[in-house]
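Worksheet for the structure shown next.
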Amino acid sequence: MTLLRHLRVLDLADGPAGFCGRLLADLGAEVVKVERPGGEDSRWIGPLRRSLPDPEESLSFWYHNLNKKGITLDLADSAGQALFLRLVPHTDVVIEAFPPGTMAGFGVGWETLHAANPRLILASITGFGQTGPRSRFKSCDLVVSAFGGHMFVSGSPSTPPLRAAGEQSLYAASLHGAIGILLALRKASRSGQGTHLDISAQEAVVSSLEHVLVRYVFDKVIASRQGARYWNGSFAILPCQDGHILLTPLQRWETLLQWIAGEGMAEDLERDEWQDESYRRQHIGHLLEVLGRWTRTHRARDLFELAQLMRLPWAPVHSLTDVLRDEHLRARNFFVDVPFPRAGESLAFPGLPYRFSSGPCRPFQPAPRVGEHNRETFHRTLGLSEEELHRLSSLHVI
């Protein structure tokens with residue numbers, strides 16, 4: 001997809017925060033990954049394609065940096081800072097995820113960048129934002145998930161709080177960052193003035209608390225962990241012969257009761273009091289126990305297909321293997337093969353979760369090798385000679 005083909009981005013964000021730049025790159029922006037000489041730390045984060053200590057083998061780095069170009073530049077060096085400032089007038093957006101004050105310490109803080117390019121958008125993604133009493137705290141996905149409230153309501157009532165799989169807090173912040181960048185670009189196109197976007201991962205998490213926050217604001221109810229149930233019993237996950245099924249224990253009760261009663265497994269659910277929805281909600285634990293004994297006698301896929309015929313929104317709980325084999329995703333060509341140049345093979349990655357009627361997306365490009373586009377960027381954009389590039393490389397500036 002080339003919707004953003006005229007947009008130029010310098011991406012300083014490491015790790016999962018790099019997903020913000022990747023979202024823009026997927027839409028056609030020229031996103032240049034800026035790393036310190038030798039490569040950033042996330043190049044050593046697993047899983048590795050092979051069990052080798054090699055900065056080009058990290059599948060995590062690949063995932064966060066598909067479709068980007070890559071250069072090396074030492075921002076802690078005065079010569080590196082000067083080069084970076086020379087790139088800024090040719091840039092629309094800078095993305096960074098350093099602790100607050102780091103960019104200013106490098107001599108390339110917001111005021112300096114704004115002076116060099118008044119239309120520039122600077123997006124700063126941090127755990128707690130640029131201001132406030134926790135702005136300088138160390139953070140990671142676990143810390144932000146805990147402070148944001150997600151962890152408190154994740155898990156079973158009988159177990160300690162759990163974290164969501166993956167780096168969901170930082171992905172939420174990256175998604176909000178990409179949206180904020182697009183809005184800031186629209187504003188800059190009208191006013192001629194850029195802006196500094198302050199994106200807090202904690203606030204991104206809190207903004208997605210859904211019923212947890214709403215129920216407290218309106219009813220002063222503190223949500224508790226519900227395990228495999230939705231907060232009001234509308235959905236629940238129950239075991240099957242071969243996995244689990246997400247079902248609706250309260251919806252279209254007559255249809256559900258007739259179904260399980262027809263198989264002789266309704267137990268006491270045919271008694272009159274169960275016709276009352278409020279009674280079913282009050283005794284949801286027993287209801288799910290009965291339903292669980294029934295679902296264990298079926299395969300998840302069979303229950304799903306029958307429920308669809310009855311217009312019930314049920315679904316099997318897919319494992320990763322199931323997701324990769326999902327016929328619907330395959331029919332939509334969701335997974336894309338990305339070439340792995342060094343190995344002469346390709347790897348499957350998730351594609352774009354949105355489609356445009358204007359046409360198909362451009363082929364996905366692999367994540368950049370360390371400093372892969374140094375010559376292209378510094379020579380094309382800044383006009384540096386081969387001799388100057390060699391000198392800067394020998395000094396470990398690039």
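How big is segment 251-398 on each of its three principal axes, counting only the C-alpha atoms and giving the largest first in Å?
Between the extreme Cα coordinates on each principal axis of segment 251-398 lie 88, 32, 31 Å.
Please compute the modelled spin-label separation between R215 and L309, points set 7 Å along Cα→Cβ, answer in nm with one decimal.
Reported label-point gap for L309 and R215 is 3.5 nm.
Specify the inter-centroid distance of segment 41-73 and segment 168-236, based on alpha-carbon positions, in whole Å.
So the two Cα centres are separated by 28 Å.
Ranked by Cβ crowding within 10 angstrom, fewest neighbours first, how are S169, S358, S208 ordered?
Exposure proxy ranking, most exposed first: S358, S208, S169.
Which of these, R330, R22, R229, has the largest mean-square fluctuation under a Gaussian network model of the chain (Cα springs below 10 Å)?
Most flexible of the set in this elastic network: R330.
For K69, go through the lysines and keep the ones whose alpha-carbon is under 18 Å away, minus same-chain ones fewer than eight residues off.
Partners within reach: K33.
Could you work out how much longer the chain between D272 and L382 gets when fully extended? Use 0.36 nm per residue separation minus the Cα distance between them, nm to one decimal.
Using 0.36 nm per residue and subtracting the Cα-Cα distance, I get 31.6 nm.
Tell me, how many Å apart are the Cα centres for segment 239-315 and for segment 101-136?
Rounded to whole Å, the Cα centres lie 54 Å apart.
Please give me the summed charge of the neighbours of H298: other residues whose Cβ is under 13 Å from its Cβ, Lys and Arg +1, Asp and Glu -1.
Once all neighbours under 13 Å are counted, the net charge is 0.
How large is ³J(HN,Hα), in whole Hz, for each residue of segment 321-327 in order, when computed from phi with the Karplus curve 6.51 cos²θ - 1.76 cosθ + 1.60 and θ = phi - 60°, using x for Gly and Pro?
Once θ is set to phi - 60°, the couplings for segment 321-327 become 4, 4, 4, 5, 9, 4, 5 Hz.
Considering only the other residues whose Cβ falls under 12 Å of the Cβ of T72, what net charge follows from Lys and Arg at +1 and Asp and Glu at -1?
+1
I need the phi-derived Karplus couplings for segment 377-385: 6.51 cos²θ - 1.76 cosθ + 1.60, θ = phi - 60°, integer Hz, Gly and Pro marked x.
For segment 377-385, the Karplus curve yields 6, 6, 7, 5, 7, 9, x, 5, 7 Hz.
Rounded to two decimals, what is the ratio between the C-alpha radius of gyration of segment 84-151 and 2.2 N^0.38 Å?
1.29
Please list, short to long, the whole-number percent of alpha-carbon pairs of segment 1-88 in consecutive 5 angstrom bins beginning at zero.
For segment 1-88, the pair-distance distribution reads 3, 15, 23, 21, 18, 12, 6, 1.
Note down the net charge around A223, summing +1 for each Lys or Arg and -1 for each Asp or Glu among other residues with Cβ under 14 Å from its Cβ.
Here the count lands on +2.
Pick from P366, P157, P353 the residue whose mean-square fluctuation is largest in a GNM of the chain, springs joining Cα atoms under 10 Å.
Result: P353 has the largest fluctuation of those listed.
Given the DSSP H assignment, sum -39500 (n - 2.57) over each helix run of at least 4 residues in the chain and divide by its residue total; what's the result at 222 nm in deg cm²/dmol, nearest 500?
-10500 deg cm²/dmol
Whole-Å semi-axes of segment 226-290's equivalent ellipsoid, largest first, each the root of 5 times a Cα gyration tensor eigenvalue?
Computed over segment 226-290, the values are 18, 16, 10 Å.
Suppose every Lys and Arg Cβ carries +1 and every Asp and Glu Cβ carries -1, with no other charges. What dipole size does segment 256-397 come out with about its Cα centre, to the nearest 20 debye?
So the dipole magnitude of segment 256-397 works out to roughly 640 debye.
Using the alpha carbon gyration tensor of the chain, what are the three equivalent-ellipsoid semi-axes (square root of 5 times each eigenvalue), largest first, in whole Å?
The three semi-axes for the chain are 49, 24, 18 Å.
Of P16, Q81, A172, whose Cα points farthest to the positive end of the dipole of the chain (charges on the beta-carbon: +1 Lys, Arg; -1 Asp, Glu; origin at the Cα centre)?
Q81
Running a GNM on the chain with Cα contacts under 10 Å, which residue among E57, E388, E267 ends up with the highest mean-square fluctuation?
The residue that fluctuates most here is E267.
Residues with amide H under 5 Å of V317's amide H, sequence separation 5 or more or different chain, H placed in the peptide plane at 1.01 Å from N; which?
Under 5 Å from the amide H of V317 lie the amide H atoms of H244, I245, L246, each far enough along the sequence or on another chain.
Using +1 on the beta carbon of Lys and Arg, -1 on that of Asp and Glu, and nothing else charged, what's the dipole of segment 244-316 about the Cα centre, debye to 20?
Dipole about the Cα centre, nearest 20: 400 debye.
Neighbour counts of other C-beta atoms within 10 Å: give me Y63, Y354 arranged from fewest to most.
Y354, Y63
Would you kindly state how much longer the chain becomes between F335 and R362 on full extension, computed as 0.36 nm times their sequence separation minus their alpha carbon distance, in nm to one decimal?
Difference between extended and current length: 8.4 nm.
Between R134 and A164, 0.36 nm times their residue separation minus their Cα-Cα distance comes to what?
Extending this stretch completely gives an extra 8.5 nm.
Give the percent of DSSP beta bridges with both residues in the chain that are antiparallel, rounded to the nearest 5.
Antiparallel bridges: around 40 percent, rounded to the nearest 5.
How would you classify segment 36-147 from its alpha-carbon gyration tensor, with a ≥ b ≥ c the square roots of the eigenvalues: rounded for a/c under 1.5, else prolate if a/b is greater than b/c, otherwise oblate?
Because a/c hits 1.5 or more and a/b fails to exceed b/c, segment 36-147 counts as oblate.
Here, each number is a calculation from the coordinates, and none is a lab measurement. What you are looking at is a predicted structure, and each value in this text was computed from that prediction instead of being measured. A quick note on method: Cβ atoms are made from the backbone with ideal geometry, for glycine too, and the neighbour counts reach across all protein chains shown.
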